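This report refers to the structure that appears directly beneath it.
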Amino acid sequence: MPTGPLNAVTDVPGVRVGHTTLVEGDSIRSGVTAIVPDQLTDRRSLPAGLFVGNGHGKMVGSTQVAELGEIETPVVLTATLSTFRAADALVTYMLRQPGRETAESLNPVVAETNDGFLSDIRARPVRAEHVLGALEEACGGLPAEGAVGAGTGTAALGFKAGIGTSSRLAATSGGTVTVGVLVQANFSGVLQVCGVPIRPAQVGVPTPSLPDRPAGNSCVIVVATDGRLDARQLGRVARRAIFAMARVGSDFAGGSGDYALAFSTADTRTPTAPESDLEPVFATVLEAVEEALLNSLFMARTTVGVAGRVRYAVPHERMLDLLRTHRVAPGT
């Protein structure tokens, strides 16, 4: 399906992304990623929907999103034990914003995945200035992908992963709707590309031994759209975002925290989209999430972290050779 100009979540007008990447010595491989909708400058909240594929994770603010169907802050992603410092910093950021001078309640939205294999997660290296930096330096344009921001220390499907993004355009009765996706990928399973399983050993990558770690480790998917969808409809969109994880080989392990949050930046004065318009939106979400997850792996680089542990990037040429044997790669 057609993509937006950048093929990124920032194709949704008003959506900006900021990263703070923490690489310190041999032990810290962590960071922060912020998704900032400019529409929150003039509006107290944006309609939002949440779907939890498996709840073995931490998402600050999720109950209020589920209850009220809205977000009232940017969305921040980070590492598991840094979630709570990030939430506090996000509140600080919001209280500083014009029009919030008398605010006495805020619902910060912060999600996480566990980067403890590559990073000393107990050090809790993320501090307020790192979160504020990601928020204040968020910009449009093509966001960095792979081992950056909240994806610096993450891995998925047997390989180094991180942050990925993508976008698609949906043709609806009300006109073209942009759907943008950003993911923090850190989950288990067997990588599938175009339906072809790609195991590390098949492309010459050592399989890490993780006897003390359960399968899983989480995935966070953020979907932004300029389509006029209400909270219930956005919940349906978020559900499809989780479904898309199956396309790339997720095993949906019980130890994983798989969360999808969808929000709309559309003017609330415009009519809500009819249900029939959701079909093309669903199709774009499935495709955009699939590509964003693949981008999170293909844009990552091999990373050495705490205790000399290594997560290897997908070797592109070997992967293409494998795909060519199945006649699904360029040149076949």
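The values are calculated or read from the model by the stated rules, or taken from the named source; none is laboratory data. These numbers come from a predicted model, not from an experiment. No Cβ is skipped: glycine too gets one built from the backbone with ideal geometry, and neighbour counts run over all protein chains shown. These area figures cover heavy atoms from the full protein model, side chains too; ligands, DNA and RNA do not enter into them. Shrake-Rupley method; radii C 1.70, N 1.55, O 1.52, S 1.80 Å.
Quick look at the numbers
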| item | result |
| --- | --- |
| Accessible area of the chain divided out per residue, in Å², using a probe of 1.4 angstrom | 40 Å² |
| For the stretch 109-171, projected area of the alpha-carbon convex hull averaged over all directions, nm² | 6.3 nm² |
| Dipole magnitude (debye, nearest 20) for the chain, charges at Cβ of Lys, Arg, Asp, Glu | 720 debye |
| Å³ per residue enclosed by the Cα convex hull of the stretch 180-332 | 132 Å³ |
| Portion, in percent, of the accessible area of the stretch 288-329 that falls on carbon or sulfur, probe 1.4 Å | 52 percent |
| Formal net charge of residues neighbouring Val52 (Cβ-Cβ distance under 11 Å; K, R +1; D, E -1) | 0 |
| Fully extended contour minus Cα-Cα distance, from Arg232 to Thr270, at 0.36 nm per residue | 12.0 nm |
| Local electrostatic count, Ala128, Cβ distance below 10 Å [Lys/Arg +1, Asp/Glu -1] | 0 |
| The chain: proportion of alpha-carbon pairs further apart than 36 angstrom, % | 14 percent |
| Sulfur and carbon atoms: percent of accessible area, the stretch 17-144 [1.4 Å] | 47 percent |
| Per principal axis, descending, Cα span of the stretch 1-120 in whole Å | 43, 42, 30 |
